[in-house]
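Structure record follows, encoded as structure tokens.
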Amino acid sequence: MKIGLMGAGRFARVIANTMRQMASVHCYAVAARDGERAQAFAQEFGFDTCYGSYEAMLADPNVELVYMPMAKTIAEVVSSGWLGRIHSLSTNLGYPVAHLERLQKPELGGGALLDIGVYPLTFASICFGEDILEITQARSFPPRGSTNRARPSSSTATASAHMSTARI
């Protein structure tokens with residue numbers, strides 16, 4: 001998959017290093033507000049092309065997926081009002097962690113809420129600030145000794161609905 005990366009900052013470097021290790025990912029394009037910075041980043045991390053504006057990269061029909069690691073930019077877009085008033089937010093995040101013993105054993109203090117739960121919470125905070133009525137998270141652990149390879153116990157599904165009766 002041809003990935004476009006928005007940004008050429010510190011966190012984008014971490015993402016680019018991760019992308020280079022993924023067989024199904026093609027580091028295709030990077031965009032930054034400074035074209036020279038995007039070009040240096042593209043050369044360092046092996047991206048095919050670079051852009052001096054986000055809009056230019058988003059217009060590239062060869063980009064199949066865009067990764068946007070920029071909390072500041074998201075906050076700017078939300079606060080600009082361009083999206084209108086946000087009423088509801090649903091975030092999902094998951095990683096395969098079978099190889100990490102600490103995350104497999106609740107008694108060691110790790111797990112989804114502690115280790116990656118902060119990311120969806122941060123996104124909610126960016127979108128709503130302190131104006132959040134309720135945040136809920138849940139966790140589940142696969143049964144101990146689960147060895148059913150035909151139907152692994154790592155799949156989850158969540159469904160929720162929210163209605164606001166507040167007048168806009």
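The values are calculated or read from the model by the stated rules, or taken from the named source; none is laboratory data. Source: prediction; values computed, not measured. When we count neighbours, we look across all protein chains shown, and the Cβ atoms used for this are built from the backbone with ideal geometry, even at glycine.
Tallying residues that are touching a strand residue (DSSP E or B) at 6+ places or on another chain (Cβ under 8 Å) and not hydrophobic (A, V, I, L, M, F, W, C) within the range 13-31 yields 3.
The set of residues in the range 39-53 that are surrounded by fewer than 22 Cβ atoms within 10 Å (Cβ to Cβ) and outside any loop (DSSP other than H, G, I, E, B) comprises Gln39, Ala40, Gln43, Glu44, Phe45, Thr49.
Flag set for Pro120, criterion: of a type outside the set (A, V, I, L, M), in a helix (DSSP H, G or I), under 30 Å from Gly7 (Cα atoms) and at pLDDT 70 or above. Residues that are surrounded by 13 or more Cβ atoms within 10 Å (Cβ to Cβ) and within 17 Å of Val63 (Cα to Cα) within the range 21-38 comprise Val25, His26, Cys27, Tyr28, Ala29, Val30, Ala31, Ala32, Ala38, listed in sequence order. Evaluating Gly94 against the criteria (1) farther than 18 Å from Val14 by Cβ; (2) modelled with pLDDT of 75 or more leaves one unmet condition, (2).
Can you name the residue in the range 54-71 that is assigned to a helix (DSSP H, G or I) and not hydroxyl-bearing (Ser, Thr, Tyr) and, of all such residues, is surrounded by the most Cβ atoms within 10 Å (Cβ to Cβ)? Taking the candidates together, the pick is Met57. Need the failing condition index for Gly46 against (1) on the phi > 0 side of the Ramachandran plot; (2) within 21 Å of the chain's Cα centre (by Cα), just the number. So the condition that Gly46 fails would be (2).
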